[in-house]
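Engineer: Sharing a structure, written as C-alpha cells. Questions coming.
The values are calculated or read from the model by the stated rules, or taken from the named source; none is laboratory data. These numbers come from a predicted model, not from an experiment. Heads up, the Cβs are rebuilt from the backbone with ideal geometry, glycines too, and the neighbour counts pull from every protein chain shown. Areas reflect the complete protein model, heavy atoms only, side chains present, ligands, DNA and RNA absent. Shrake-Rupley method; radii C 1.70, N 1.55, O 1.52, S 1.80 Å.
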Amino acid sequence: MDPKVVLDTMWVLITAMLVFFMNLGFAMVEAGFARAKNCVNILSKNFIVFAVSSLGFLLLGWGFMFGDGSPFIGLKGLWFLTGLDNSPATGEAYKGVYSAMSWTGVPLLAKFFFQLVFAGTAATIVSGAVAERIKYKSFIFFSFAMTMFIYPIVGHWIWGGGWLAKLGMYDFAGSTVVHSIGGWAALAGVIMLGPRFGKYNGGGGINPIPGHNLSIATIGTFVLWLGWFGFNPGSTMAADPNAISHVVVTTNIAAAIAVLSSTILSWILLGKPDLGMTLNGCLAGLVAITAGCAYVSVGSSIIIGLIAGILVVLAVIGFDRLKLDDPVGALSVHLVNGVFGTICVGLFAQDGITGTATGNGLFFGGGTKLLMAQLAGVLSCAVYVFLSSLIFWAIIKATMGLRVGLHEEIEGLDIGEHGNSAYPEFLIRKPSYTFLGIKQK
Amino acid sequence: MDPKVVLDTMWVLITAMLVFFMNLGFAMVEAGFARAKNCVNILSKNFIVFAVSSLGFLLLGWGFMFGDGSPFIGLKGLWFLTGLDNSPATGEAYKGVYSAMSWTGVPLLAKFFFQLVFAGTAATIVSGAVAERIKYKSFIFFSFAMTMFIYPIVGHWIWGGGWLAKLGMYDFAGSTVVHSIGGWAALAGVIMLGPRFGKYNGGGGINPIPGHNLSIATIGTFVLWLGWFGFNPGSTMAADPNAISHVVVTTNIAAAIAVLSSTILSWILLGKPDLGMTLNGCLAGLVAITAGCAYVSVGSSIIIGLIAGILVVLAVIGFDRLKLDDPVGALSVHLVNGVFGTICVGLFAQDGITGTATGNGLFFGGGTKLLMAQLAGVLSCAVYVFLSSLIFWAIIKATMGLRVGLHEEIEGLDIGEHGNSAYPEFLIRKPSYTFLGIKQK
Amino acid sequence: MDPKVVLDTMWVLITAMLVFFMNLGFAMVEAGFARAKNCVNILSKNFIVFAVSSLGFLLLGWGFMFGDGSPFIGLKGLWFLTGLDNSPATGEAYKGVYSAMSWTGVPLLAKFFFQLVFAGTAATIVSGAVAERIKYKSFIFFSFAMTMFIYPIVGHWIWGGGWLAKLGMYDFAGSTVVHSIGGWAALAGVIMLGPRFGKYNGGGGINPIPGHNLSIATIGTFVLWLGWFGFNPGSTMAADPNAISHVVVTTNIAAAIAVLSSTILSWILLGKPDLGMTLNGCLAGLVAITAGCAYVSVGSSIIIGLIAGILVVLAVIGFDRLKLDDPVGALSVHLVNGVFGTICVGLFAQDGITGTATGNGLFFGGGTKLLMAQLAGVLSCAVYVFLSSLIFWAIIKATMGLRVGLHEEIEGLDIGEHGNSAYPEFLIRKPSYTFLGIKQK
C-alpha cells in the first residue's frame, strides 16, 4: 500500500476519533450549565444523538451530502453508502458516485466516519439550546431530520461540490457547515419552544439560572478544545505536515486569545471574571477560527480570537434581552461565531497560505470577491436551515408535541421523561420562588 | 527504518493508549452506577487494577500468553519479557520465543504494551460485578491471579497460537479473550460473594439500588466508546487502511444501533427510557462486535448491534431474577454479549472481508464449521475460566476473606476500607429502611 | 513530502495534543483535592493558565528558550516566532535562528506547539500549590512571568543548547525542565503566601483538609497518566519505533510500580490505603521517570517507580511538618520527584539504550561524571528558579497583592473572586470550627 494512503488514513481516523470525543464535551458542558433536575435528560439527549446521527447519516445523510447529483443535493449512491466507489483512488483515477470526496486518498469508510462525526456535531449543537424543556422523543426525531435532511443538503452546497462551492465560498472545517447550521436549527427550536418556566418575569426581569456543576462543564470544555484539534487539523483529510501544523496553531491561538478576551470583558461588564463566560469564550474562539484555520495567518488568528471572545459575551447578554432562552449559550457560541468566522475568511484569507487557492481576503488586498461569496454562503444557509428547521419543529409539535408539561418542567425532566435522577443520594437545594402565582421548585 | 514499521508502531501505540484510557471509562461507569458511600473504594480498585496488571503481566502473564510452548500454555521467555526476540522482524525473518506475535512488525515493547492494556481490561471487568462488598485487598490479589494465570492461559489458546487458534476459532479483538473471560471470572466472584446487603428481600422482592452519579457514568461510557476505537481497530496491529477503516465503522455502527435498541426496549418494558440501559446498551454493542468487527460487513454490524442492545436489557432483568447481584451490569454487558459476539463470527463472517481467511459464517453459506469452532472456544474458555476463578476466589476466601463485615458494608466501604469519603462536604441522603430487622443506612 | 517528515509531524502533533489534555488532568486533580468553596477558582485558574501560556510563549517565551544566543538565553527571533527558519530542514541543511531545535525534522509550528504545551504544564504545576488563597489576578500575572521569563530561560540552558546542555546534563522529557522548575516556582509561592487559614494550629497541630471530590481527582489522574504517553514518548520528536516503544513502557511501569509502593506505604503508615496517596503515587512515578525514560532500562524503571512512590508519601508528610501548605501535594510530586528523577539519570542511564549517547550512570559503570552534570543542573535550576520566582512573587505582592482577604478565604474564593459557585444546587456541609477565635466556615 502506498505509504501516503496509510498516513492519510491514520490521520483521518485519529482526528475523527477526537471529533467523536467532542460528544462527551458537549454532554458535560450542557449538563453542567443546566440544573440538576434535568441532568439525566441532558445526558440522555447528548448520548443518544450520536447514535441517531450514526444511523441517519448512514441511511441517507451521506448520500444527500456527497453523492453526485445536482448543485443542490446528492442524488446517487444514496442509501447506506452503496454507491460505486473505488477509494482510495483520487482525481482522474477515481471512479464512483462520491466524486466530491475524491480529492482525499483514503478508503470510503474512513471518509464516511470522518464526515459522520461532523454530522453528529451539528446535531448535538441543537441539544443545548433546547434543553430543560423539550420532550426527549421530540429531540430524537429532530436529530434524525437534522442528520438526514437539513445538514446534508447545506453540506452538499459547500463540501459536496454544490453551488456554494462553485461560487467560491470557503469553509475549511465548518464554521458554517457545522456550527452556524447547528445554530440556526437551534434558534428555530428556541423560538418554537419559548423560554424555560421562570426565566423571564412578566416585568422584563431576567432570572439567571446558574448551572449545577461547573466541574463537569470545565471537563466538557477542555474535551471540546482537545476535540477541535481533530476537527480543524483533521479537515485537511491528509497528513500534510505544514498544513496540519499551521491549523493546530491557529486553532489553539484563537481559542487562547478568546479565553482571555471573554474573561476580561466579563470582568469589566459583570464585575467579576465569570467562569461560564471564560468557557464559552474558548468555544467561541474555536468556532470562529474553524472556517479560516487553514486560510489565515497565526497573527490573524489572534485578532479573530480576540473578537470572538468579545462577541460571545455580548451575544449571551443580547439573547437574554431578546428573551431567547438558550440555557448553555449555544447560539452565542455556534451561531454568532459561526457566522463571524465564516465572514472572517473573506477578510483575513491569504491566498495559498497552506496551499489552498482561496484568493486574498479584503484585508490582504483581495477586494470583496471572497467576502461576497462568504456572505452569500452565510445568508443562503441561514435561510434554508432556519426555514427547514422551523418546518420540522412544526411537524413535530403538531404530531407528538415539543414541550413537556409545566408540572414536569418544574419538577424536572429527569423524573418526567426518564423516571430517574442523576444524583439520587445528594441533597439538592430546591430554589423556591413563585412565578405567575405558581411555586417554582 | 522501514516506513511500514514506523506506521505500524505508531498505530499500535496510539490505539494502545486509547485502550489504556478505558481504565478511566470503567472507573467512572462503575463508580457512577454504585452508591456514594462506596465510591472511594471503587475508584481505588479501578485505579490500582491497572498497576497490578502492569506488574503481573510483565512478571509472568505475557510469557504464559505469547511464549512458545504447548498448545495450552506458553513456556519460553516467561519472566519479564526476557526471552530472545528480534522484533520488528516478521515471518521467516523472526527469531525468538514469542512467535505467536511474529505476524506484526513492531518492536517487542510495542507488542507488550498493546497486550498489557488488554490484560488490564479483562481484570477491570471483574471489579464492577464484585463492587460494594469485596475487600480491597482480596480484589487486588484476584487481579494478580487474573493477569498472571487466568487470562494469559486462555489468551494463549486463542491469540498465542494455542489449540483453539489451531481449531480455527476467530476472535478478532477479544469478545471472548477479554470480555467473556472477564465476565466468567466476575460471575464466579458474584456467586462466591453473594448479593449486597439489602438487594434482595426474603420474600423474592428486588430492591433497585440506583447509581449515585449518572454524570460520571456517562463520562465513563463515552470514554469507553472512544477507547474501543483503539481496542478494535488497533487489534489489526498494523496500519492497514482498509481494515482499520472497516473496523472503525463496524464498531461504531454496532454501538449506535445497540444504543437505540436498548433504549427503545427499556422504554417499552420499563415505561421510560432508562439512561443506565442506554449506556449499558452502548457497551453491549461494543462488546458484541469486538470478535467480528474485522470479519463481518457493516450491514451485519447493524444486526449484531440491534440484538446486543436487546440482550443486555433482558440480561440485566434476568440476572436480577436469578439473584446474581451485579451492581453495574458487567455480566450482562461483558459475559452475555462477549459470548454472543463470539458466536456471531460463526454466523456473520464473510471470508476475507478485510483480508483474513476466516471462511464464511452460517448465514453466508459457510455451513457450521466456523460456528462449531466458535462454540468450542466459548465453552472451553467458560469452563476453564469459571473453574479456575472459583479456585482463586476460594483460596482468597479461605486465607484473607472475601467480603467486608456487614457493619462496614452498611456504613460504606469508603470508611471501612479507606478511612475516607469521596464527597466529604456534600450532604448525602442516607436511605433508611430495615432489612431482616437491621436498619440500612 | 518525505514520509519521515509526515510521520514525525503526526507523532509530534498527536503527542502534543495528549500533553495539552493534561490541562484537564491538572484541573481535576487540583479541584478534586481542594474544597468545594474554592472549586470555581481552581477551575478558572487551571483553564486560563493555558491561554496565558499560549500568549506568553508565543510572544516571547519560545524565543528566549530556542532562539540562538548566549549559553544563558535566546536572543534571536524573539517575538512571535518571527525569526528565520527553514524547518523541516535538519542538521546541515537547516538555516535559521532556532538551531537548538534543528535536530527534529518537523515544521516550525509543530515544534512550537509541542514546546508550548510543555511550557503550559510548567505553569499549571504552580496553580495547585498556591490554591485556595491566591488572588486570581495575581496568579494570572505570575503565569505570564513563568512562561515568558522563568521557564524559557532554564529551558534554554538544557533544551535550547545552553550551558547545561554543553555540560552534559540530560533531561529527556523534563523532570527538571518542566516538573522541578514548576515545583521550585510553587515552593516560592507557598512560602510567600503562607498556609491556608485553619491548616496549622498554633500548638503544632495539623488539620487535614480533605478534597471535596475524589471522583474528579481520579478522572484527573487517569487523564494525566494518559497525557504522559504524549509527554514522554513525544519528546523523541520523531517517530522512532524502538525509542517510542521503550519510552511508553518505562513510563507506564514506573507509574504502575509507584502506585503500588505509595499505596502500600500509606497502608502501613496511615493504617488504610489512602486514595489520595495512590493518585499522587502515580504522578510521582511519572515525574520521576520523565528525565530518564529513554535512557534507562525497563528494569531500572521498576526501581525508580518504587522509590518515587515512597518519596511522595514521605514528602507529603514532611512538607506538612514543615508547615509548607500545599493543598494538592504538588511539591511532593513535581519538586521532590522532579529532582529525584533527574538524579536517577546519573545513576541508571545506560549508554545508547534507545540511541542517545548519554554515557553510563553510576550504577552501570559510568562513574560520577553524568551524576555530577545532573546535580549541577538540579542545583543551578533550583537557585535560578527559586530566586527569580521569589522576585516575581514579591513584585506581585507589592503591586496588586498576593492573597485574598481572610473573610474571603473563609467564605471561599468562588464567591469573592468569581461571584459564583461550582455546585449551587447541592447542599454543602460547612465544617464549623474555630481557629484563633475566628469561626471557620
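Engineer: Please compute the per residue accessible area over segment C:3-425 with all protein chains in place, 1.4 Å probe, rounded to a whole number of Å².
Structural biologist: 25 Å²
Engineer: May I ask for the angle, rounded to the nearest 10°, between helix B:108-129 and the longest principal axis of chain B, with both axes built from Cα atoms and the value confined to 0 to 90°?
Structural biologist: So the inclination is approximately 30 degrees.
Engineer: In whole angstrom, how far apart do the alpha carbon centroids of segment A:22-99 and segment B:145-159 sit?
Structural biologist: 39 Å
Engineer: Please compute, for peptide A:38-49, the average count of beta-carbon atoms on other protein chains lying within 10 Å of each residue's beta-carbon.
Structural biologist: Per-residue shielding by partner chains comes out at 5.
Engineer: Order of A:43-50, B:398-405 by packing, highest average Cβ count within 10 Å first?
Structural biologist: Final packing ranking: A:43-50, B:398-405.
Engineer: For segment B:60-161, what's the relative contact order in percent, using C-alpha pairs closer than 8 Å and at least 6 residues apart?
Structural biologist: Here the relative contact order equals 36 percent.
Engineer: Averaged over every viewing direction, what's the projected area of the C-alpha convex hull for segment A:300-352? Give it in nm², one decimal, please.
Structural biologist: Quarter of the Cα hull surface area: 3.8 nm².
Engineer: Now for a different question. Over 23 Å apart: what share of the alpha carbon pairs of segment C:93-174 falls there, rounded to a whole percent?
Structural biologist: Above the 23 Å cut-off, segment C:93-174 has 32 percent of its Cα pairs.
Engineer: Give the carbon-plus-sulfur fraction of the accessible surface of the protein assembly as shown in %, rounded to a whole number; probe 1.4 Å, heavy atoms of protein chains only.
Structural biologist: That share works out to 68 percent.
Engineer: Ok, one more. Over all alpha-carbon pairs in segment C:3-425, figure out the percentage whose distance exceeds 32 Å.
Structural biologist: Percent of Cα pairs beyond 32 Å in segment C:3-425: 31.
Engineer: While we're on this one: Accessible surface of A:K272 in the full protein assembly, 1.4 angstrom probe, to the nearest 10 Å²?
Structural biologist: Surface accessible to solvent at A:K272 totals approximately 70 Å².
Engineer: Could you give the nm distance between label points at C:K430 and C:K76, where each point is 7 Å from its Cα heading toward the beta carbon?
Structural biologist: Going from the C:K430 label point to the C:K76 one covers 6.3 nm.
Engineer: Looking at segment B:1-124, I'd like the Rg to Rh ratio, where Rg is from alpha-carbon atoms and Rh is Kirkwood's inverse mean 1/r.
Structural biologist: 1.07
Engineer: I'd like to know which of C:V313, C:G292, C:N337 lies farthest towards the positive end of the charge dipole of segment C:246-355, counting +1 on Cβ of Lys and Arg and -1 on Cβ of Asp and Glu.
Structural biologist: Value: C:V313.
Engineer: Once fully extended, how much extra length lies between A:I206 and A:T356, figured as 0.36 nm per residue of separation less the alpha-carbon to alpha-carbon distance?
Structural biologist: Length gained, A:I206 through A:T356: 49.3 nm.
Engineer: Any idea what the relative contact order of chain B is, in percent, if you count C-alpha pairs under 8 Å spaced at least 6 apart?
Structural biologist: 22 percent
Engineer: Looking at the square roots a ≥ b ≥ c of the eigenvalues of the Cα gyration tensor of the protein assembly as shown, which shape do they give, rounded for a/c under 1.5, prolate if a/b is larger than b/c, or oblate?
Structural biologist: Rounded, since a/c falls under 1.5.
Engineer: A further question on this structure: At a cut-off of 30 Å², which residues of segment B:377-423 become less accessible once all protein chains are present than in their chain alone, using a 1.4 Å probe?
Structural biologist: B:H418, B:N420, B:A422, B:Y423
Engineer: Separate question: Go through A:K45/B:K45; A:K76/A:K111; C:K76/C:K369; C:K199/C:K430; B:K76/B:K397; A:K430/B:K430 and tell me which ones have a Cα-Cα distance over 27 Å in this structure.
Structural biologist: Too far apart for the 27 Å limit: A:K45/B:K45; C:K76/C:K369; B:K76/B:K397.
Engineer: Separate question: List the relative contact order of segment B:2-136 as a percent without decimals, with contacts defined as Cα pairs under 8 Å and 6+ residues apart.
Structural biologist: Worked out over segment B:2-136, it gives 30 percent.
Engineer: Could you give the alpha-carbon Rg of segment A:107-238 over 2.2 N^0.38 Å, rounded to two decimals?
Structural biologist: Dividing the Cα Rg of segment A:107-238 by 2.2 N^0.38 Å gives 1.23.
Engineer: Related question: Can you compute the charge dipole magnitude of the protein assembly as shown about its Cα centre, using +1 on each Lys and Arg Cβ and -1 on each Asp and Glu Cβ, nothing else charged? Give it in debye, rounded to the nearest 20.
Structural biologist: 2700 debye
Engineer: Roughly how tilted is helix B:298-321, in degrees to the nearest 10 and between 0 and 90, from the longest Cα axis of chain B?
Structural biologist: 30 degrees
Engineer: Looking only at other chains, what is the average number of their beta-carbon atoms within 10 angstrom of each beta-carbon in B:265-273?
Structural biologist: Counting Cβ atoms of other protein chains within 10 Å of each residue's Cβ and averaging gives 3.
Engineer: Given the convex hull over the Cα atoms of segment A:161-263, what projected area results after averaging over all orientations, in nm²?
Structural biologist: With every direction weighted equally, the projected area is 10.2 nm².
Engineer: Hey, another quick one. For a label point 7 Å from the Cα of C:W163 along Cα→C-beta, name the residues of segment C:370-414 whose backbone N is under 18 Å from it.
Structural biologist: C:372-389
Engineer: In addition: Charges only on Cβ, +1 for Lys and Arg, -1 for Asp and Glu: so what's the dipole of segment A:62-170 about the Cα centre, in debye to the nearest 20?
Structural biologist: For this selection, approximately 260 debye.
Engineer: Sticking with this structure for a sec: When all protein chains stay in place, what accessible area (Å², nearest 10, 1.4 Å probe) is found for C:T221?
Structural biologist: Spelled out: C:T221, probe radius 1.4 Å, area about 0 Å².
Engineer: For B:246-255, what's the mean count of beta carbons from other chains sitting within 10 Å of each residue's beta carbon?
Structural biologist: Partner-chain Cβ atoms within 10 Å, mean over residues of B:246-255: 5.
Engineer: Given the options A:I410, C:I304, A:I253, identify the residue whose Cα lies farthest towards the positive end of the charge dipole of the protein assembly as shown (+1 on Cβ of Lys, Arg; -1 on Cβ of Asp, Glu).
Structural biologist: A:I410
Engineer: To the nearest 20 debye, what charge dipole does chain C have about its Cα centre, counting +1 at the Cβ of each Lys and Arg and -1 at the Cβ of each Asp and Glu?
Structural biologist: I would put it at about 980 debye.
Engineer: Summed for both chains, how many Å² of accessible area, to the nearest 100, are buried between C and B with a 1.4 Å probe?
Structural biologist: 4600 Å²
Engineer: Which one of A:I42, C:V177, A:G168 is farthest out on the positive end of the charge dipole of the protein assembly as shown, using unit charges on Cβ (Lys, Arg +1; Asp, Glu -1) and the Cα centre as origin?
Structural biologist: A:I42
Engineer: If you don't mind, another one. If you take the beta carbon distance between A:K272 and C:I191 as r and set R0 to 25 Å, what does 1/(1 + (r/R0)^6) give as a FRET efficiency, to the nearest 0.05?
Structural biologist: 0.30
Engineer: Moving on. Using alpha carbons only, how many degrees (0 to 90, rounded to 10) separate the axis of helix C:39-56 from the longest principal axis of chain C?
Structural biologist: 30 degrees
Engineer: Hey, how many Å between the Cα centroid of segment A:232-265 and the Cα centroid of segment A:286-318?
Structural biologist: 10 Å
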